[in-house]
Amino acid sequence: MKAALSFALTAFVATSAISHSAEPKPDPKSALSRPVVLGPDDKPAFEEPPTGFNTAVADIPHGRLEMVEYESKSVGTKRRMQVYTPAEYSKETKYPVLYLLHGIGGDETEWQRFAKVDALMDKLIADKKAVPMIVVMPNGRAQKNDRAEGDIYAAAPAFADFEKDLFDDVIPAIDGRFSTLADREHRALAGLSMGGGQTLNFGLTHLDTFAWIGAFSSAPNTKPPATLVPDPAATKAKLKYLLLTCGNKDGLINISQGMHAYLKEKDVPHVWHVDGNGHDATHWAHILYEFAQKIFR
């Protein structure tokens, strides 16, 4: 829980430092201590997952989880990403791809640690609740030392720089190495906290690449809604599915509330889900369970 909460705090401080570099850094605790004000729309859209939804079991087919190295021209070094392929994976079949982005305190292993992605996906696919897909968990910190160490606040600009790495290096590397359906209708982008902000910033402005978007507990790196969706009609025409979520104990909920309110006003279809969690791994694991079932249908 402490590690999960730190992502919100560090995201808040990092983005504040970028936007107001001449001002003193605010107290990082203020991000989560901000009073949560709930409105009539701020309620669950889904029930909680069943017990054991991401617990590994022996009597179903298991996919493969591997660490993949790729050459990042945009960063100028070799980088790593964790990749899940379904049990049925074959070069003779092409698969859709879900890209999952982590928080400011994490790396390419964070989603697996928080949600047990391989066990979760194995079960959903075995139960035919999700289509067989490839899940890519890259490192969203686009700098040569991409470890979450030292002053992680200083790495905030590298999360913005990841946009170039994602489009110029990560996606081509995945399409070159794996058997993918390499078009927008078969690519999804989702993320938690800082990664939720990246998802909205990159996904909503690149609907020629991603048709399915999930932003979970988005951090203050999220750009203003009107900047991300300047032409609501065009966004509406291209989006297949957009999921926004947050916990009702999360001091950063105002960011997602603002995005929901704008999309609702502009009549852009989306799902808004608020559960009883905070800025934590429980929320993110639960939402991945839901999101994975909705995409590529």
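At-a-glance table
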| quantity | calculated |
| --- | --- |
| Complete set of residues in region 266-289 that are in contact with a Pro (Cβ under 9 Å, 6 or more places away or on another chain) and assigned to a helix (DSSP H, G or I) | 285, 286, 289 |
| Long-range neighbours under 6 Å by Cβ, at least six apart or interchain, first residue surrounded by 11 or more Cβ atoms within 10 Å (Cβ to Cβ) within region 142-157, second of a type in the set (D, E, K, R) and modelled with pLDDT of 85 or more | 142/161; 142/165; 148/107; 155/141 |
| Residue 128, sole failed condition from (1) assigned to a helix (DSSP H, G or I); (2) loosely packed, with under 15 Cβ neighbours inside 10 Å; (3) at pLDDT 95 or above | (1) |
| Filter pass, residue 203 being touching a helix residue (DSSP H, G or I) at 6+ places or on another chain (Cβ under 8 Å), at pLDDT 95 or above and either surrounded by 17 or more Cβ atoms within 10 Å (Cβ to Cβ) or closer than 30 Å to residue 181 by Cβ (or both) | no |
| Matching entry among 93, 77 (being of a type outside the set (Gly, Ala, Ser), more than 21 Å from the chain's Cα centre (by Cα) and either under 24 Å from residue 128 (Cα atoms) or surrounded by 21 or more Cβ atoms within 10 Å (Cβ to Cβ) (or both)) | 93 |
| Residue match in region 167-184 (condition: over 27 Å from residue 131 (Cβ atoms) and surrounded by fewer than 21 Cβ atoms within 10 Å (Cβ to Cβ)) | yes |
| Members of region 244-277 found to be touching a Lys or Arg at 6+ places or on another chain (Cβ under 7 Å) and crowded, with 23+ Cβ neighbours inside 10 Å, listed by number | 274 |
| Unique residue being in a loop (DSSP other than H, G, I, E, B), modelled with pLDDT of 95 or more and among the charged types (D, E, K, R) when the list is 236, 164, 223 | 223 |
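The values are calculated or read from the model by the stated rules, or taken from the named source; none is laboratory data. Because the structure is predicted, anything quoted here is derived from the model rather than measured. No Cβ is skipped: glycine too gets one built from the backbone with ideal geometry, and neighbour counts run over all protein chains shown.
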